[in-house]
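Working notes, structure below.
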Amino acid sequence: PTCCFAGQTVSVGGCGSLRKGSPEQMMNALLEKVGSLPSDAQIFCGDDMCVENLEFAAHMEPGNQHAADRLEWARTQRSLRLATVPTTVGEEMLTNPFFRCREET
């Protein structure tokens, strides 16, 4: 499958902070660059803030069952000291609020 080494641009369930560049550049990187990859493309991110990011996602979209299920999975992975990376473009499209910013909530 296709792979993307995203550094700090994408993290599981979230995105990096804006230290350089504009919000428009970040959204372009997320939606147009990474988001245009095939849904099974693997994303390797620079840090693992998965549980925290998915807690935010669940708060932002309380009706998103995919995000709730993924949060539970991430908590289990962490309790077992297992990795949550890589993710896929498809998973992020279902659970990451920054990839879902064009969706109705």
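The values are calculated or read from the model by the stated rules, or taken from the named source; none is laboratory data. Just so it is clear, the model here is predicted, and its values are computed rather than measured. As a convention, Cβ positions derive from the backbone with ideal geometry for all residues, glycine included, and neighbour counts pool all protein chains shown. Keep in mind that these areas ignore ligands, DNA and RNA; they rest on the heavy atoms of the full protein, side chains included. Shrake-Rupley method; radii C 1.70, N 1.55, O 1.52, S 1.80 Å.
Calculate, for Thr2 and Asp69, the FRET efficiency according to 1/(1 + (r/R0)^6) with r their C-beta to C-beta distance and R0 35 Å; round to the nearest 0.05. Please list the in-between numbers first.
Details: r = 25 Å, r/R0 = 0.70.
Plugging the Cβ-Cβ distance into 1/(1 + (r/R0)^6) gives 0.90.
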Response to the item:
Correct response: the longest run of the chain lacking exposed trypsin sites (Lys or Arg not before Pro), defined by DSSP loop and at most 15 other Cβ within 10 Å, is 21-80
Practice prompt. Compare the Cα positions of Met60, Gly46, Val34 along the charge dipole of the stretch 23-74 (+1 at Cβ of Lys, Arg; -1 at Cβ of Asp, Glu; about the Cα centre) and return the one farthest towards the positive end.
Written response: Val34
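How much of the pair distance distribution for the stretch 44-94 lies past 12 Å, counting alpha-carbon pairs only, in percent? Intermediate values should be presented prior to the final figure.
Numbers: 803 of 1275 pairs.
When all Cα pairs of the stretch 44-94 are counted, 63 percent exceed 12 Å.
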Discussion item. Please report the net charge: other residues with Cβ closer than 15 Å to the Cβ of Thr2, K and R +1, D and E -1.
Written reply: -2
Response to the item:
Residues meeting the amide H criterion for Thr88 (H placed from the backbone, H to H distance under 5 Å, 5 or more places apart or on another chain) are Ile43
Discussion item. In whole Hz and in residue order, list the ³J(HN,Hα) couplings for the stretch 63-79 that follow from phi through the Karplus curve 6.51 cos²θ - 1.76 cosθ + 1.60, θ = phi - 60°; x for Gly and Pro.
Written reply: x, 8, 5, 4, 5, 4, 5, 5, 4, 4, 4, 5, 4, 5, 4, 5, 5
Discussion item. Using a 1.4 Å probe on the protein heavy atoms, what percent of the accessible area of the stretch 1-66 belongs to carbon and sulfur?
Written reply: 55
Worksheet item: Using helices alone, what [θ] at 222 nm do you get for the chain, with -39,500 (n - 2.57) per DSSP H run of 4 or more residues, divided over all residues and rounded to the nearest 500?
Response: -10500 deg cm²/dmol
Item to complete: Under 19 Å from a label point 7 Å along Cα→Cβ of Lys20: give me every residue in the stretch 41-80 with its amide N that close.
Response: 45-47
Worksheet item: When the convex hull of the Cα atoms of the chain is projected onto a plane and the area is averaged over all directions, what value comes out in nm²?
Response: 6.3
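Using Cα pairs closer than 8 Å and at least 6 residues apart in sequence, work out the relative contact order for the chain, in percent. Don't skip to the end; give the middle numbers.
Working: 158 pairs, mean separation 38.1, N = 105.
Across the chain, relative contact order equals 36 percent.
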